[in-house]
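The values are calculated or read from the model by the stated rules, or taken from the named source; none is laboratory data. These figures come from a predicted structure and were not determined experimentally. Cβ coordinates were reconstructed from backbone atoms using ideal geometry, including for glycine residues, and neighbour counts include every protein chain displayed.
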Amino acid sequence: MQGAGPLQPHAFAGGAPWQVNEELANKVAELTVLRNRMQQMERENTRLENELVQAKGTQAGASQKSTAKQADLERATEQVQYLRQDLLSSEDERKRLKLTLQQQEQELDALRRKQDARPTPPAPKVVPEAAPRMPSQLRDARPANMSTMSSEREGSSPYGTPEEKVEQGKSQILLQEFARWETLSEEPREAWYQLRAAVASFPGQAVVAAAAAARVARAAQGAGRRQAARVVRMWLGLFPSHAREIANGGEGIFDALGQLLHTAIQPEKPKRDHGEILALLLAFWEAASKLKGSELMALRSLLSTAGGDLYTLLSEEPTSESLHLECLRLLEALMACPELFGMAHQAESKENVLLAAADLLVIPSVEGDERDTLERQRCRVASLKLFSRCCATASLDFVLQLRAEEGMDTVLQSLVLLCHHDLLCLLMYGNPWRSAALTESRQQRLQAVERSLFLLASFAWQISPFRDGLDVSKDDNERSFARLALQFGRTQVLLPSIVDMVCQNECEDFEPFRSSVSALRLLIEEPEIPAKAEGSAPSQAPGGMLAKKTVVVT
């Protein structure tokens, strides 16, 4: 008897063995399909997680791109608005020129009809037999209308002299700008009648036009403020003599522009219109460039009403879109007036534009990871030009000892630090011609060093104890050098280094600096003052050189 086979589980259920094997194979296949699907779902889940991480990483870049696109859209919208205004003005100008042409054609036809209506002189009778000499009476006779015709030819043109035509053309250009301003204004039409009449009579009636323009400018809103600044700038550019008339007339067009500038640079505004602020600054600079001396007091609203606003602009970080250069150029023109310099110098710390300009001379800190950008270098050169202008207006010592509060560097000390820093940078440039940015940076640093050394040399000649010669007592000499040490403070030790870097370098770009460095030697080299003895010759330092003396301030 053969042994029984292995016991099958499904045998008790009454199923055949081949059916059991088939069902088992089906279950194995289902498990394989489910396992493959689960692995595919895991791979899909991993892919989605990676895409989510990438989307989160690119969200910041997308927001910046959207912001840039929104800014471009706003600029394009603004340009379309101005182009629409230009189109309307061009259409008005075409209609005006067409009407003028029709009037000129009518006048020409009238002149022709008038000339045709005049009686023609009788023709002289010709005797065919002989040609006798013309009597003197007939030879000297002239038609009755000949004198009238010659006087008309010699007289002025019915449209005026060439100079009058130029003035009329300027007035027409200015009227077009006023028409654009009128389209952006909400003032009633009656307010523009007096202004148009005054502009049409230019070059006269400047004060009347300024008074009317001031009333309209005070109520300007939105794009009207920018157009108001554009009109004033073109007005003073076309008629430069009107700037003095307006300044002497005491009218408030400049005060109105100062109020508009104050409104445009309010710190609480979430977003400033840099185009509007730039237009107002350019209008003020156009006026300042046309005024001289005490006439600049007409622009005092810039330091009284908008003084803190200019300080706000100068206190911002210099960038390619900032308005530091325009502000500094405007202040340079204003500081030609001693009264305006006094207002700026005596202002509070948070409204003192000279202190804000002095802050631009500070070298960026390495610890703060700040970069000395090209915009910062341009601002430093513009600030140095401003202080050069101030030194020409007021006392040199009065300008260079300016500082915000006790314990901070003065303008004089900032000049020494800036000059030493830029000289070191110039010596490390190598071949800047390989990069356009380095070439421009080198030029900016050369200008900064040149202006800094010029101011330091002027200061040295003014306060040096040896400006009148070496006949100085030893006590006076020591007191003078102690005073110099107090004024230069911690920057005194950099003066010998500045002199050595300029004198020991053979670069051609350093040639203009050597004349200023010769004056700086008076601040760092002290001749030995011999005791005055009868019949004794003055002694020199060892080796015939000037003896150096370092004054330590505690």
Of the conditions (1) among the acidic types (Asp, Glu); (2) surrounded by fewer than 18 Cβ atoms within 10 Å (Cβ to Cβ); (3) farther than 17 Å from LEU296 by Cβ, GLU339 clears all except one; give me its number.
(3)
Failed item in (1) buried (at least 19 other Cβ atoms within 10 Å of the Cβ); (2) basic (Lys, Arg); (3) not in a helix (DSSP H, G or I), with ARG371 passing the rest
(1)
Inspect all residues belonging to the stretch 222-243 and state whether any of them is out of contact with any Ser or Thr (no Cβ under 6 Å at 6 or more places or on another chain), polar (S, T, N, Q), modelled with pLDDT of 85 or more and assigned to a helix (DSSP H, G or I).
yes
Working only within the stretch 496-509, note down all residues that are touching a residue at least 12 places away in the same chain (Cβ under 8 Å) and assigned to a helix (DSSP H, G or I).
PRO496, SER497, ILE498, VAL499, MET501, VAL502, CYS503, ASP509
Which of the following residues is within 17 Å of the chain's Cα centre (by Cα) and assigned to a loop (DSSP other than H, G, I, E, B): GLU317, GLU332?
GLU317
Return yes when SER304 is over 21 Å from ARG218 (Cβ atoms) and in contact (Cβ under 8 Å) with a residue 24 or more places away in the chain and no when it is not.
no
Check PHE284 against each of (1) at pLDDT below 85; (2) under 21 Å from the mean Cα position of the chain (by Cα); (3) buried (at least 22 other Cβ atoms within 10 Å of the Cβ); (4) not charged (D, E, K, R) and name the one condition it does not meet.
(1)
Can you pull out the residues in the stretch 285-324 that are of a type outside the set (A, V, I, L, M) and more than 17 Å from ALA264 (Cβ to Cβ)?
GLU286, SER289, LYS290, LYS292, GLY293, SER294, GLU295, ARG300, GLU317, PRO318, THR319, SER320
Check on SER301, surrounded by 17 or more Cβ atoms within 10 Å (Cβ to Cβ) and at pLDDT below 90
yes
From (1) more than 28 Å from THR319 (Cβ to Cβ); (2) at pLDDT below 90; (3) not in a loop (DSSP other than H, G, I, E, B), pick out the condition that doesn't hold for THR439.
(1)
Selection from the stretch 352-374 of residues that are touching an Asp or Glu at 6+ places or on another chain (Cβ under 9 Å), over 20 Å from LEU455 (Cα atoms) and in contact (Cβ under 8 Å) with a residue 24 or more places away in the chain:
LEU374
Going by the conditions given, is ALA448 within 28 Å of CYS337 (Cβ to Cβ), at pLDDT 80 or above and small (Gly, Ala, Ser)?
yes
Test ALA200 against the criterion of being modelled with pLDDT under 85 and surrounded by 20 or more Cβ atoms within 10 Å (Cβ to Cβ), and give yes or no.
no
Going by the structure shown, is ALA209 farther than 15 Å from PHE284 by Cα, buried (at least 22 other Cβ atoms within 10 Å of the Cβ), touching a residue at least 12 places away in the same chain (Cβ under 8 Å) and among the hydrophobic types (A, V, I, L, M, F, W, C)?
yes
Do we have LEU99 as more than 26 Å from LEU184 (Cβ to Cβ) and not acidic (Asp, Glu) here?
no
If you check PHE454 against the conditions, is it of a type in the set (Phe, Trp, Tyr) and buried (at least 16 other Cβ atoms within 10 Å of the Cβ)?
yes
Residues GLN492, GLN487: which one is modelled with pLDDT under 80, part of a helix (DSSP H, G or I) and of a type in the set (S, T, N, Q)?
GLN487
The stretch 325-352, residues that are of a type outside the set (Asp, Glu) and within 17 Å of ASP273 (Cβ to Cβ):
CYS327
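Quick grid of which residues meet (1) closer than 24 Å to MET501 by Cβ; (2) of a type in the set (Ser, Thr, Tyr); (3) modelled with pLDDT of 90 or more:
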{"site": "ALA336", "(1), (2), (3)": "no, no, yes"}
{"site": "LEU355", "(1), (2), (3)": "no, no, yes"}
{"site": "ARG371", "(1), (2), (3)": "yes, no, no"}
{"site": "LEU386", "(1), (2), (3)": "no, no, yes"}
{"site": "LEU400", "(1), (2), (3)": "yes, no, no"}
{"site": "GLY407", "(1), (2), (3)": "no, no, no"}
{"site": "LEU415", "(1), (2), (3)": "yes, no, yes"}
Within the bounds of the stretch 346-365, is there any residue that is surrounded by fewer than 21 Cβ atoms within 10 Å (Cβ to Cβ), in contact with a Ser or Thr (Cβ under 7 Å, 6 or more places away or on another chain) and more than 15 Å from GLU316 (Cα to Cα)?
no
